[in-house]
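Working notes for the structure below.
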Amino acid sequence: MADFVIIGAGQCGARAAMALREQGFEGRITLVGDERHLPYERPPLSKQHMLVSEGALPPFIADGAAFAERGITVVTNDAAAQINRDSRTVRLASGRTLPYDKLLLATGAAPRRLPATEGLEHVFYLRTHDDAARLSGRLTPGSHLAIIGAGFIGLELAASARKRGLEVTVIEALPRILMRAVPEAIAEKVQVLHEANGISILRGFGIERLTGSADGVNLTLADGTVVNADMLVVGIGAQPRVELAAQAGLTIENGIAVDQSLQTSDPTIFAAGDCCSFPYDGRRIRLEAWRSAQDQGAHAAASMLGDTRPYEAVPWFWSDQFDYTLQIAGLADKAVSAVRRDIGDDAFILFHLAENGRLVSASGWGPGNRIAKDIRLAEMLIAKHATPDSSELTSPSVNLKSLLPRG
């Protein structure tokens with residue numbers, strides 16, 4: 001009987017395990033995680049989980065019975081320590097050894113650390129359920145939370161903390177918020193919304209000095225501004241967890257390098273989710289996104305069973321900010337122009353076009369679920385390499401579905 005081992009019991013690893021069974025694999029499946037919990041979803045950690053002070057359970061992907069019914073062995077609280085490619089075994093921190101015929105690395109990413117914060121009592125990072133539980137228990141109404149980093153996680157956390165009655169200051173070193181992936185027009189909307197809800201956002205400020213005290217943290221910014229807070233959260237991005245793959249001699253290139261079937265430089269080892277970089281539209285990219293983890297987990301399972309179809313899913317991101325949602329389909333780095341479609345209720349879509357007129361990305365902003373349908377249709381247009389007319393994209397009277405190429 002074949003042995004398939006999956007290292008990483010997050011969204012991607014759990015989805016891969018389930019998909020193996022759905023696709024008819026009858027061998028042994030072992031899912032290995034270094035956390036004490038069964039696999040759970042991470043997106044609620046900076047949102048719904050921050051709205052309760054204590055007692056929130058992890059948003060489990062499935063319970064123990066569901067994994068048992070499918071014959072999936074879940075190992076928790078035991079990290080993979082070493083891969084031996086010659087013997088095709090994985091050694092765990094507990095000393096246990098797992099043989100494998102096929103191996104999937106879904107090791108995810110880890111928060112980037114700020115060296116000056118090491119050992120400080122009132123400094124937090126947010127990646128796991130236990131991180132969220134510790135932080136949420138400290139969010140006392142009237143206290144002051146400082147956040148370094150105005151990315152998705154930092155701003156979602158800021159909104160949640162503000163809803164619980166905290167004073168919130170967000171400090172961003174770059175000239176604007178959401179600089180890496182969000183168009184300026186939408187980033188400005190997000191900033192206005194946060195400031196209207198009482199959040200202070202300081203842009204273009206580096207940290208000159210950071211010290212801890214018995215009561216909190218003290219930050220001195222590059223211009224001399226002093227921010228005293230009861231607690232600090234550092235949200236300056238994440239880096240792929242590649243140590244295990246690197247030790248095993250696999251190719252690393254901004255993550256564990258895989259081909260279009262998500263296979264690494266070893267044909268028996270695959271990688272998926274936040275930890276891997278893969279070919280997309282003529283360049284190599286790495287994504288940290290719930291949808292990507294979900295899709296790549298299922299695709300890796302198929303590849304482990306011999307399916308050779310390439311992974312070609314269009315990247316898709318979303319973030320909730322107070323009562324508004326931001327969604328992005330595709331990547332805009334190849335775009336040379338953009339056109340805007342206003343769809344009412346303060347909602348709009350930006351369509352990003354390459355030099356040849358091909359739609360390469362769409363970014364939307366609006367209340368509730370207002371932009372979801374148009375972004376979904378834009379995602380389909382991007383997948384089909386469509387070159388729609390700009391005037392039709394901007395007109396809300398034109399159904400985007402009508403622009404889909406036939407065939």
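The values are calculated or read from the model by the stated rules, or taken from the named source; none is laboratory data. None of these values were measured; they are calculated from a predicted model. Cβ placement follows ideal geometry from the backbone for every residue including glycine, while neighbour counts extend to all protein chains displayed. Calculation scope for accessible area: heavy atoms of the full protein, side chains included, ligands and nucleic acids excluded. Shrake-Rupley method; radii C 1.70, N 1.55, O 1.52, S 1.80 Å.
With +1 on each Lys and Arg Cβ and -1 on each Asp and Glu Cβ, and nothing else charged, work out how big the dipole of the chain is about its Cα centre, in Debye to the nearest 20.
500
Output wanted: per-residue J couplings in Hz (rounded whole) for segment 38-52, from phi through Karplus 6.51 cos²θ - 1.76 cosθ + 1.60, θ = phi - 60°, x for Gly and Pro.
Couplings: 5, x, 9, 7, 8, x, x, 4, 8, 10, 4, 5, 7, 8, 10 Hz.
Using a ≥ b ≥ c from the Cα gyration tensor of segment 142-229 (square roots of the eigenvalues), is it rounded, prolate or oblate, where a/c under 1.5 gives rounded and otherwise the larger of a/b and b/c decides, a/b for prolate? Mind dumping the intermediate values first?
Values: a/c = 2.26, a/b = 1.30, b/c = 1.74.
It is oblate, given that a/c is not under 1.5 and a/b is not larger than b/c.
Would you kindly derive the ³J(HN,Hα) couplings of segment 277-287 from the backbone phi angles with the Karplus curve 6.51 cos²θ - 1.76 cosθ + 1.60 (θ = phi - 60°), listing them in order in whole Hz, with x for Gly and Pro?
Result, ordered by residue: 10, 9, x, 8, 6, x, 8, 9, 10, 9, 10 Hz.
Can you give the translational diffusion coefficient of segment 299-351 in µm²/s, computed by Stokes-Einstein from the Kirkwood radius over Cα pairs at 25 °C and 0.890 mPa s?
Values: Rh = 14.3 Å.
Taking Rh from Cα pairs, D becomes 171 µm²/s.
Ignoring everything except DSSP H segments at least 4 long, calculate the 222 nm mean residue ellipticity for the chain; use -39,500 (n - 2.57) per segment, divide by total residues, nearest 500. Don't skip to the answer; put the middle values down first.
Values: 9 runs with 88 residues, N = 407.
One gets -6500 deg cm²/dmol as the mean residue ellipticity at 222 nm.
On a straight-distance basis, which aspartates and glutamates could pair with residue 373 in a cross-link, Cα separation under 20 angstrom, same-chain partners fewer than 8 positions away excluded?
In chain and number order, the partners are 295, 320, 323, 342, 345, 346, 389, 392.
Among the listed pairs 163/384; 189/334; 102/334; 102/401; 189/384; 163/401, which have their C-alpha atoms separated by more than 32 angstrom in this model? All intermediate terms of the calculation are to be shown ahead of the outcome.
Values: 163/384 41 Å; 189/334 24 Å; 102/334 36 Å; 102/401 41 Å; 189/384 30 Å; 163/401 38 Å.
Those over the limit are 163/384; 102/334; 102/401; 163/401.
Beyond 12 Å, what share of the Cα-Cα pairs of segment 17-59 remains, rounded to the nearest whole percent?
Distances greater than 12 Å cover 70 percent of the Cα pairs.
Would you mind calculating the gained length between residue 391 and residue 200 on full extension (0.36 nm times residue separation, minus the Cα-Cα distance), in nm to one decimal? Intermediate values should be presented prior to the final figure.
Working: separation 191, 0.36 × 191 = 68.76 nm, distance 3.85 nm.
Gain on stretching residue 391 to residue 200: 64.9 nm.
Considering the alpha-carbon set of the chain alone, what are its Rg and its Dmax in angstrom?
22.3, 66
Gaussian network model of the chain, Cα springs within a sub-10 Å range: biggest mean-square fluctuation belongs to which of 368, 306, 71?
Comparing 368, 306, 71 in a Gaussian network model of the chain, the most mobile one is 306.
Loop by DSSP (not H, G, I, E, B), at most 11 other beta-carbon atoms within 10 Å: where is the longest site-free stretch of the chain for trypsin sites (Lys or Arg not before Pro)? Can you show the working numbers first?
Details: sites that count: 180, 406.
No qualifying site falls inside 181-405, the longest such stretch.
For the chain, what is the accessible area per residue in Å² when the probe is 1.4 Å?
Working: 17660 Å² over 407 residues.
In whole numbers, the chain has 43 Å² accessible per residue.
So for the pair residue 89, residue 243, with labels modelled 7 Å out along Cα→Cβ, what separation do we get in nm?
Those two pseudo-labels are separated by 2.2 nm.
Using the Cβ atoms and a cut-off under 11 Å, what net charge is assigned to the surroundings of residue 71, where Lys and Arg are +1 and Asp and Glu are -1? Walk me through the numbers on the way to the answer.
Numbers: positive: 21, 28, 70; negative: 26, 69.
My count for the surroundings of residue 71 gives +1.
Roughly how many Å is it from the Cα centre of segment 254-311 to that of segment 145-179, as a whole number?
32
Once each part is reduced to its C-alpha centroid, what is the distance from segment 226-241 to segment 329-407 in angstrom?
Comparing the Cα centres of segment 226-241 and segment 329-407, I get a distance of 34 Å.
For the chain, what proportion of DSSP beta bridges, expressed in % and rounded to the nearest 5, is antiparallel? Walk me through the intermediate numbers first.
Details: 51 of 84 bridges.
Antiparallel: roughly 60 percent of the beta bridges in the chain.
What accessible surface, in Å², does a 1.4 Å probe find on residue 226, ignoring ligands, DNA and RNA and rounding to the nearest 10?
90
Could you point to the residue in 18, 56, 37 farthest towards the positive end of segment 1-59's charge dipole, with +1 and -1 charges on the Cβ of Lys/Arg and Asp/Glu respectively?
My answer, from the dipole projection, is 56.
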